[in-house]
Each structure stands twice: as C-alpha cells, then as structure tokens.
Amino acid sequence: MTDFKEIILTHKLSALFSKASFGIEKESQRITDEGTIAKTNHPTIFGNRSFHPYIQTDFAESQPELITPPMQSIEEMHEWLMAIHDVVLRSLPEGEYLLPCSIPPAMPASEEIKVAKLDNESDIAYREYLVSVYGNKKQMVSGIHFNFELNPVLIKELHQLSGSVRTLREFQSDVYLKMAHNFIRYQWIMTYLLGGSISADRSYFEKESQHDLPLDQYTRSIRSSKYGYVNKADVHVSFESIDAYVQDIEKMVTTGKLIAEKEFYSTVRFRGANKARDLLTNGIAYLEFRLFDLNPFAEFGMHKEDMYFIHYFLLYLLWIDQDASEAEMQLGKEMNYSTALENPLQPSAFQAEGLSVLEGMLQMLEAIDAEEKISAIVKEKIEAFQNPEKTVAGQMVKALEAGEDKTAWAASLAKKYKEAAWKRPYALRGFEDMELSTQILMFDAIQKGLKINMLDRYDQFISLTYKDHREYVKNGNMTAKDSYIGPLIMENKVVTKKILAENGFAVPDSGEYHSAAAALRDYSIFAGKGIVVKPKTTNYGLGISIFKDGATFENYEKAVRIAFEEDEDILVEDFLSGTEYRFFVIGNETKAVLLRVPANVVGDGRHTIRQLVEEKNKDSLRGKNHRSPLELIATGELEKLTIQGQGYTFDSIPPEGTMVRLRDNSNISTGGDSIDFTDQMDDSYKQLAVQMAAALGVAVCGVDIIIPDHSVPATKVEPNYGVIEANFNPAMLIHIYPYQGKSRRLTMEILRLLFPEMQLEQV
C-alpha cells in the first residue's frame, strides 16, 4: 500500500496536497408563505432547464436544483453558491421561497406532487418509475451533493514518486477508490456532525407499515437512515475495485433490481463516465459525495466552514494508512444507519472513534502547515462531539423545543433568507467586488442559463456561452459588436464632435488646449460667456466645471487646473442652455433615456449644507466606485466652487425648500440623481441618438444631448438640441435602478443583442 503521507511530507507536497476542485449541487423545495410545498410549475423566468448550467429541476416541479460550476477553491465555490441563490430567490414570484430543510415539515398529497416536466420523455418515464417503486414522498427529500477532485498535478507527482507500475489512469482510480472506501467507513462522522433531517411528518410515509420509527422523537438524519431515500435491501454493489463495481452495477440492471445504473443510490459515486462500463476505460475522474442534509441555519444550505471541514476530511481519508475493506465498509454503513437514528442531544455511540479521527485530522493539519482557521474548524467539531447540542441536529432540536411549529419555523427562516437576498437588489452576492453593471449582467446570464467564464475578475472581463455560441464582454456592455476604433473615437471628445459635426449633428463650439498657460491666455475669449471646462478624454464626469453665466478669472483658473488633473489636454466649449439627457443606444434602438439631475441637496432651514449632504449620502442606493446605483455626493474643491457661485459655504444653512447644487454637471458618477425619461421623450431625439451611434460606428453607447424642450421635435431646420458627447462604456445601472421612474433592464437587452437565437423576452 502506497504511503501517501510519507511521500507528501518527504517531497514537500503539502501545498499541492491542499489544492483541489469543488462543486456543489443543492436541491430545495419551493414553498409558500404558509410553508407548504408550492404547486406552481418550475418558473419560466429561468429559461430552458434542459441546458441550464446552474438552475435545473430534480424530481418534482417544486424542486429546483442549484449547481455551481467546478471551482479551484472553497471560497470561489461558495461565492457561486451565493450568487445562484441570489438569482433564484430574487426571481421567484412573490410569496414563494426555498425551504431550508431537507425533509418538508408536511408532505402534500401524492396526487398533488408534480413530476418534473422535462423535455426528454425518458427522464419523465424514469421519474414515474421511481414513484412506482419508492413512492413520490421520498423523492421530495432534498440535500447537497459535494463534488471533489484532487489536483491532477498532485496525482501525477504521487504516481511518479510512488514508483507504481500501474498506468497514471489506473493509479488515479486507485487513489479515489481508497478515498471512497474510507469515506464509506467513516461517513457516520458526517451524519453525526452535519445531519439535519431530524423528523418527518406522518405524511412522509406512504403507509404506516413502512416504518417502525417513533414520529414523536427526533433523530440525527432520517435522510441518511434506512427510512431515507435508499435502495432496496437486495441491491448489492461492491466498491472493492472498479471491475467489481461495474460488474455488480450491470448485474443489478440485468436482473431488474435496478431499472438503470443511476438508480443505484450510494453516499459516494464514481464520476467521469456516462456509463459504469466506461469507468474501465476512462477511470475515475472525481468523486461525488451525496449524504449531506441541508443545514437550515446556513443561508445557502451549508456553512462555508463546513465545506472547508469536508475538504480536509476527504484529504485525511487519503492521508491515513487505512484502505477500508469490504467488511469495514459494511460496518461503516451500519454505523451510519445507527448514527442517523440516534437522539441528537445524546453523545454518539461511537464518540471515541470520532474523536480519534478528528485528532488525527489535527495532526495532519499541523504536518502540512494548514491555515489556522482550518484547525479551528476541526476543534469546533471536536467540541461538537463532546457537546451534541452543537451539532446541526442538536441545534435544530433546541430551536424547535422553543415551541414554534416546525412548518412555521422553517417558513420563517425561508423568508429571512429571501429578505437577505433582496437587501441590496442591485448587487450579486459573491461578486460584490466587481463593477455593478457586470454584476447585474451576470445575474441575468445566470437566470437565463448562459454559462459564465470569469476571464479576469479584476478587469471585469467575462465570456458568455450558449451551446456553441460564445461572446466576450468587458465592463458589462463592451462587446465584439463594436469595432476596436469605436471606443477610441468616443474616448476622444474632439474626434467625437468632429465626426458628429461632419454627419450633420449639432455640436457646441470649443477650443482645445495642451497647457494651462495657453488656456489662461484665452480667458478673454470666454469672459462673460457660458462655458464648460472639461478633460479631453476622461469619462464619469470627472474634472468638469460648468459656468452658465461666465466665470471670473480666478474660478476659470481653478477649473482649468482641475481639468488638467484628469487629462493632459482639456476643452473649453460653449455652454448649451437646456436640459441634459442620457440616451442609451443598443443596436438600432434607443432603449432608455435618463434625466440626470446634478448633485444637490434641498434646504430645511435647520441643517448646514454639509449636514444635508451627509444625510442624503445615507441612502442605501448610494455608494462608491460604481457598486451602487447612485454615487456618494462629495464635498471637494469642485463642490466648494459650485456652491460659492450660489452664495453659500458648506456651513451655510439654506432656506427650507431651496435646492442647492453641488455640481453643475449632471453625471450620476459625481453624485447626481437619475430619473427615467424614456416614455416622455419625443421619438425624434431617440432616432437622433441611434443615428449618432451609427455615425460613430458603434452598437452600444450612451449619448448625452442638451434639449431645451423635449416635447418639441427635432428637425434639420430647427435642431432644438446640442450633443455634448458619446460614451463607450455607459453605466447601465443608473437606468436599471433609477432614483425615480421605471427600471430599464439594459443588461437583458445586451444579452438579447449578443444571443438573438435565445429569444429572450422583451424588457
């Protein structure tokens, strides 16, 4: 037997040993306000479940299955689990939730349970067969499957250093066989610590004769017991070797004891082949562990700390010298069944063995120099062995002993978790460090079933895939639909204006300056005129100063200095009177129009401007770095300059009802308010914006237009407008979550532009 521990320590493979790939499949039931199973069909908002990579249906229409992609760390897997939860919970109809328990407190009548309405008739037939053999009540039990793959480089190193004469594929299978053997032997430890299906209503059983379980007593895990979803007693499959496993599986199907290979329910499955026989050629690629109950105290079904614990528990199964025999595995199964039916508040009958295993884990963690947080988690599990009340089942019993009805208790938790998902509806938990438009786009992509690949998280660069069609997206709306030159044109405000002017669009006159001295020498040209001083190429409204009635030389000098802080070149252009609107163009249509009100506060006659700003900034919609729909209002040099022009300082107390502007530019990125104006805007301006985008050669852009009267149509003779600039990466979030008015789901429009074949609903 290969001594993996010795090889790992001798050859300093500890870091490699700790690396792995992980994936979670989590089943749940949709429930109503009252805590009963929802009778509605799988929500159509999730698109077609036949190809959906993240949201599918298990046995019943009411039973969604959430699937994370395989990830290289527990942290990343947990992030994806959070994100998919957010999508599901915020997409469910009002009054529907996800049950946080494995076994529903009360089962619906058999005739009310709807088998999943899948596209493949054979999948439906298989589920109907399961109903005939096991009944449909047990099919309604939910849990978590934990997928685990060792680092392939580790396996190659172990193979080489062990001197094994077997092929790499055979060796890899041997490694996973050992882990599977030992897991079956010690699976009871997981049931003791993490079991959470402590009771079942009488309605869970089709007939009273099906059980001898006292239903007024709690257990650790009915799901993991003989009363759970298990095969009949005459189904026997050996795990001793792949050959024996394949032979037994095929025999069970041939003799009719199983209708199909997938009917074999084991707490661990070999993965890497569609058919058992293929394992003989392909070997075992990874393992799937299937005995985990939902933890009702974990918002996403399982605590991240428990995921870490499972990870290192699985590593320990490879670390130890033992490779459990068939007899030892059978003992492990019996111990698991016994543990599952124990009183959750009583010590385990196998406490000594459990403590010995966990102490061994601590020794392994010390030897491989694991993070202290992992050792702390294992120590908590040791404490749970000494105090059963700290197990998941023990915590559940204590919670229910408070007297609350189990159905009401479960429903209250479900409502709490859905409320948490809605706390910041514009964000996607797990990815809140990313730019907000990208988060919203990812939300929509997950919802509709587009596969997401994170190419560069910090650069907001992802790919989206539907079947064989792949698109690359940066910053939420920069795509291959635009040429490389398009953003470069729009980045340069001088070039943008020239192109638009050449195409007959009305643009303001301006001067371009490469030095502050040159700009200051021309002050006399602009004295007494309304002007705008701004950087040549920057976005987000940074460095812009607006003087509607002209500027003193002192203020002009400050504005020039501020603009040069943002760019090497600046523009001084005529101020256009009227109201500024943002037109968001996608393809050949203006999808949204926004009125942007400059950063402002309204006086109450009691508070200073500084205090009013602080109070307005408390709005949950406001934040920093474009991770909230509205930006915080600043109190810097530009804001000071703006309020001075109105006769105020930050310590001034403006009269009640008086609006004080802190900026003259209306960018939301500098603290402005967003108001949807799509339906009010005359169509002539929407068409103009589309024509401007076409002139610039882009499919997605934001066009800023000054319009004195939006109700008066634009004509060639009377333009009635002036275009300020075009933006190559316009913020979508300000349209999706406006300060006032109707939401325009532009991220979904981007997906419709990229994947027209999906026929996504109009928004």
Practice task
Beyond 22 Å, what share of the Cα-Cα pairs of the range 621-726 is found? Please give it as a whole percent.
Solution key: 50 percent
Problem - the range 668-705 versus the range 80-104: alpha-carbon centroid distance in Å - result: 36 Å
Completion exercise
In this structure, among Lys117/Lys304; Lys415/Lys591; Lys117/Lys416; Lys137/Lys232; Lys415/Lys618, pairs with alpha-carbon gaps over 24 Å are Lys117/Lys304; Lys415/Lys591; Lys117/Lys416; Lys415/Lys618
Exercise for the section: Towards the positive end of the charge dipole of the chain, with charges on Cβ (+1 Lys, Arg; -1 Asp, Glu), say which of Ala116, Thr608, Thr219 has the farthest Cα. Expected result: Ala116
Handout entry: Test item: Cα-centred dipole of the range 665-763, Lys/Arg +1 and Asp/Glu -1 on Cβ, debye
Key = 180 debye
Problem - Computed lengthening from Lys156 to Ala327, 0.36 nm per intervening residue step minus Cα-Cα distance - result: 58.5 nm
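Hull surface divided by four, with the convex hull built on the Cα atoms of the chain: how many nm²?
For the chain, averaging the hull's shadow over all directions gives 39.0 nm².
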Problem - DSSP-assigned coil residues among GluC sites (Glu not before Pro) in the range 58-151, each with at most 10 further Cβ atoms within 10 Å - result: Glu94
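What does the net charge come to around Asp321 if you take all other residues with beta carbon closer than 9 Å to its beta carbon, with K and R at +1 and D and E at -1? List each step's numbers first, then the result.
Details: positive: Lys5; negative: Asp3, Asp323.
Value of the local net charge: -1.
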Exercise for the section: Quantify how much of the Cα-Cα distance distribution of the range 43-136 extends past 18 Å, in percent. Expected result: 55 percent
Practice task
Would you mind ranking Phe564, Phe146, Phe650 by Cβ crowding within 10 Å, fewest neighbours first?
Solution key: Phe650, Phe564, Phe146
Exercise for the section: Mind checking the range 418-526 for GluC sites (Glu not before Pro) that DSSP puts in a loop (not H, G, I, E or B) and that have at most 14 other Cβ atoms within 10 Å? Expected result: Glu432
Practice task
For the range 247-383, list log₁₀ I(q)/I(0) at each q in 0.09 Å⁻¹, using the Debye formula over Cα point scatterers of equal strength and ignoring solvent, two decimals each.
Solution key: -0.37
Practice task
Find the Rg to Rh ratio for the range 691-731, where Rh is the Kirkwood radius over alpha-carbon pairs and Rg uses the same atoms.
Solution key: 1.01
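Let me check I've understood the local charge: for Glu76, count other residues with C-beta under 13 angstrom from its C-beta, Lys and Arg +1, Asp and Glu -1. What total comes out?
0
State to the nearest 20 debye the size of the charge dipole of the chain about its Cα centre, where the only charges are +1 on K and R beta carbons and -1 on D and E beta carbons.
540 debye
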Completion exercise
With Cα coordinates, the longest principal axis of the chain makes an angle with the long axis of helix 553-564, in degrees rounded to 10, of 30 degrees
Exercise for the section: Could you please report the charge total around Gly528, scoring K, R as +1 and D, E as -1 over all other residues with beta-carbon less than 14 angstrom from its beta-carbon? Expected result: -1
Fill in the blank from the handout: The distance between the Cα centres of the range 458-483 and the range 116-183, in whole Å, is 33 Å
Fill in the blank from the handout: In degrees rounded to 10, the 0-90 angle between helix 436-448 Cα long axis and the longest Cα principal axis of the chain is 50 degrees
Practice task
Over all alpha-carbon pairs in the range 201-308, figure out the percentage whose distance exceeds 22 Å.
Solution key: 48 percent
Fill in the blank from the handout: One point scatterer per Cα, no solvent, Debye formula: log10 I(q)/I(0) for the range 15-65 at q = 0.24 Å⁻¹ comes out as -0.93
Handout entry: Within straight-line cross-link reach of Lys529, aspartates and glutamates at Cα separation under 20 Å, skipping those fewer than 8 residues along the same chain
Key = Asp509, Glu512, Asp549, Glu554, Glu557, Glu573, Asp574, Glu580, Asp664
Handout entry: In order through the range 424-432: 3J(HN,Hα) via Karplus (6.51 cos²θ - 1.76 cosθ + 1.60), integer Hz, x for Gly, Pro
Key = 10, x, 8, 10, 10, 4, x, 10, 6
Fill in the blank from the handout: Taking Thr255, Thr57, Thr537 and counting other beta carbon atoms within 10 angstrom, the fewest-first order is Thr255, Thr537, Thr57
Handout entry: Cα centroid of the range 588-628 to Cα centroid of the range 710-763, whole Å
Key = 21 Å
Practice task
Just list whichever of Lys548/Lys624; Lys548/Lys640; Lys114/Lys138; Lys138/Lys333 have alpha carbons separated by over 18 Å in the model shown.
Solution key: Lys548/Lys624; Lys138/Lys333
Problem - Likely footprinting exposure, Ser325, Ser545, fewest C-beta neighbours within 10 Å first - result: Ser325, Ser545
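Read the figures in this text as sums done on the coordinates, not as results from a lab. What you see is a predicted model, and the numbers here were worked out from it, not measured in a lab. Positions of Cβ are generated from backbone atoms using ideal geometry, with glycine treated the same way; all protein chains shown enter the neighbour counts.
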